[in-house]
Amino acid sequence: ITEAVLAHPARMPALLAERLAVSRATARRHLDRLVQAQWLERVGGRGRGATYRPGALRAVVRRYPLEGLMEDLPWAHDFAPNFELRPNVARIVQHVFTELLNNAIDHSGGTRVTVSMRQTPSQVQLLVSDDGRGVFDVVAERFGIADPTMAMLELAKGKLTSQPERHAGRGLFFCARLADVFDLHANHSAFQQRGWQRGQWWPLERSACQAGSAVYVAVRTDTERSLDAVLQKHSLDGQGYGFDCTVVPLRLMTGPDVGVEARAQARRVAERLTQFKRVEIDFEGLSDVGHGFADELFRVFGARHPGVEIVPVNMAPRVAAMAGSVR
């Protein structure tokens, strides 16, 4: 209905009657309900001279074969013309849209991708799903990380890519930080990050994706966030575009019966951190850590890699005391 009203604002009763094989009167009743539901706005009264335009709710869904697909063209031709967004929001959504679609093209190994985008009075919602192998299978094959939670820990750090000659591992990392809600579903596992709990990843109880990968993103339509500000936040000086800083959410490593105690866990956390200059270790949700874990991460790793600044954040009192004892 969003695309139809933009293409035929003065012909909606006739167009709807043709498409649904109903009378003009029935079509007008459908249009009345769409106006009440905020999918349409009526302009110029209810008579024959009435025209329509999109309302507060808009939606477009497209399915594409992945072979030969270029991610910029669907945005420019099928999606951007149908939505009305503030400039900073439009740039964020375009960035996320093209990054997620490019991931499906380059990494999924699938044949088709479905893209759904919806605008409400408060959010822009984007869902990109493919029929490929699933991101966690790709990580397991390329990096030998079979546990989806550990794979998510590596993805949360950033700079993880199965094609380093073509990609820098920035896509999912920055998409998650541009979003207010970010869900990643693949291989019977699912994880969520919420913008108001930045840096934390939460495992979801059930994946909505039985094949391939599906990524859901929601961005507030009134957000003051900008693409440049998010990119620059992860540079060392906060001014450039170098990907120098990251956050490691330790809560991903924990469970009802699993804490962070062992040196092996610390070495897993420290994996690939030498690619960054500043790393925040997020202890949110942890009341204790083991001496071996703290010693390996803060003292041993710190001594071997003095060029990497390790910054613990969100520490409970006992965690802070243990970190202080080994530093």
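Read the figures in this text as sums done on the coordinates, not as results from a lab. What you see is a predicted model; the values in this text were computed from it and never measured. No Cβ is skipped: glycine too gets one built from the backbone with ideal geometry, and neighbour counts run over all protein chains shown.
Annotations for the structure displayed:
- Summing charges over neighbours of residue 275, with a neighbour being any other residue whose Cβ is under 13 Å away from its Cβ, gives +3 when K and R count +1 and D and E count -1.
- Shape of the range 196-327, Cα gyration tensor, a/c cut at 1.5: oblate
- Three-way shape call for the range 1-154 based on the alpha-carbon gyration tensor, with the a/c threshold at 1.5: prolate
- Cα centroid of the range 99-117 to Cα centroid of the range 216-292, whole Å: 26
- Reduced Cα scattering model of the range 123-175, Debye log10 I(q)/I(0), q = 0.20, 0.23 Å⁻¹: -0.78, -0.98
- Candidates 287, 213, 189, ranked by Gaussian network fluctuation over the chain, Cα under 10 Å, top entry: 287
- Most mobile listed residue (40, 73, 297) in the chain, GNM with C-alpha springs under 10 Å: 73
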